[in-house]
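Values quoted throughout were computed directly from the atomic coordinates according to the rules given, and no laboratory measurement underlies them. As the structure is a computational prediction, the values presented were derived from the model and not from experiment. As a convention, Cβ positions derive from the backbone with ideal geometry for all residues, glycine included, and neighbour counts pool all protein chains shown.
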Amino acid sequence: MAALAAAAHAGDQFPSVAKPMSDAVTGGAATGIDKSSFRIMLENDVFFGHDKDYTNGTRLDYVGDISENRKYGISLTQLIFTPQQHANYPLVGQHPYAGYLAAGVGYIITGEENSTTFEFQLGTTGKPSIARECQWLIHKVGTMDSWDGWGYQLPSEVTMQLSVRQDRRLRSLESRSSTGFQTDGLMYGRAEAGTVSVRAGIGFIFRFGYNLPPSMNDYTINGANYGVSPFLDRTYDREANSYYGIVGFYGQYVVHDLFIDGTVFHHVDTHVSKIPWQGEVYAGVGVRHKDVDYFFGAIYKSNQYRTQRGYTLLGNVQVKWNF
């Protein structure tokens, strides 16, 4: 909690975070921001016929309201990694078996032009991540082949991770036609440091559709991503449905990646070498009906280690209840 308090104090000092709109600006009307939300997010490569490398991710998060432009968040995240081939022994040049389970707390600051999100995650790798059991259940339900090499997964280790993200509104991309068709966009930067990873990058999101909902975070499982409205908004009609599409990209430089480089406090030879420069492109469609968001997207990730074969293509499914 000390880390969260420090993040909150740092957020108050952020020079580029705008103050909330006054009643004089909004006319006392609701801004269209979701005060609270609960979201279920699932990423899996089975949607596109794959089952390797980063193969499954799950995130549950809840966001609560503190004030007009301050929110808190709590999250639970699990990630699962497997090699490209089924085997009950370590495979040189392929992704090691790895599981990750972490609980997070977040602090979110919104404004008219910028927003900032902090998240601290405390987690574990290895058997306590229950990655093996979760994959077995998913494959059992889906009548898929089992993976027998979990005895060689990365060892159990307590992890700590701090993620910071800042969004910047791109007003030049905002438009609304007489038919109600809208567009908007944002740029964002994210930095992460801890025993899980050390990385930093920038991204871009463009949306188009009708009655664009206020939620506009990046549509992938990452730290400091709570899927809330990053900006104070006065155009969203809560009584009408929303229909929209998104496209985006993200590029990053990775200094350390536990799932490829190995755990910090246990020496492990993972038999793979990380690629520092990485990127991803994503696109998807979403609907909001009666304050519930439904989203499906596709994420293409560049190779993360030098001997990686093929590509990583994941499906992303989200359901979010807003209140």
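Between 0 and 90 degrees, rounded to the nearest ten: what's the tilt of helix 131-141 against the longest Cα principal axis of the chain? For helix 131-141, the angle is close to 80 degrees. Convex hull volume per residue, computed on the Cα atoms of the range 170-323, equals 124 Å³. Summing Cβ point charges (Lys, Arg +1; Asp, Glu -1) relative to the Cα centre of the chain gives a dipole of roughly 200 debye. Sequence-ordered 3J(HN,Hα) estimates for the range 86-101 from the Karplus curve with 6.51, -1.76 and 1.60 and θ = phi - 60° stand at 6, 6, 9, 8, x, 10, 5, x, 10, 4, x, 4, 7, x, 8, 9 Hz, glycine and proline given as x.
Charge dipole of the range 192-267 (Cα centre as origin; +1 on each Lys and Arg Cβ, -1 on each Asp and Glu Cβ, all else neutral): 140 debye, rounded to the nearest 20. Relative to the longest principal axis of the Cα atoms of the chain, the long axis of helix 2-12 makes an angle of roughly 40 degrees. For the range 194-199, the Karplus equation 6.51 cos²θ - 1.76 cosθ + 1.60, evaluated at θ = phi - 60°, returns couplings of x, 7, 7, 7, 10, 7 Hz by residue, with Gly and Pro reported as x.
By the Stokes-Einstein formula, at 0.890 mPa s and 25 °C, the range 172-237 with its Kirkwood radius over alpha-carbon pairs has D equal to 180 µm²/s. Summing charges over neighbours of Ala191, with a neighbour being any other residue whose Cβ is under 12 Å away from its Cβ, gives +1 when K and R count +1 and D and E count -1.
So what's the chain giving for Cα Rg divided by 2.2 N^0.38 Å, two decimals?
On the way: Rg = 20.0 Å, N = 323, 2.2 N^0.38 = 19.8 Å.
Rounded to two decimals, the normalised Rg is 1.01.
The string of couplings for the range 287-296 from the Karplus curve (6.51, -1.76, 1.60, θ = phi - 60°) is 9, 10, 9, 6, 6, 10, 8, 10, 9, 9 Hz, one whole number per residue in order, with x for Gly and Pro. Between the listed residues Leu154, Thr58, Met216, the Cα displaced farthest toward the positive end of the dipole of the chain, a dipole computed from Cβ unit charges relative to the Cα centre, is found at Met216.
Here the convex hull built on the C-alpha positions of the range 58-158 has a volume of 134 cubic angstrom per residue.
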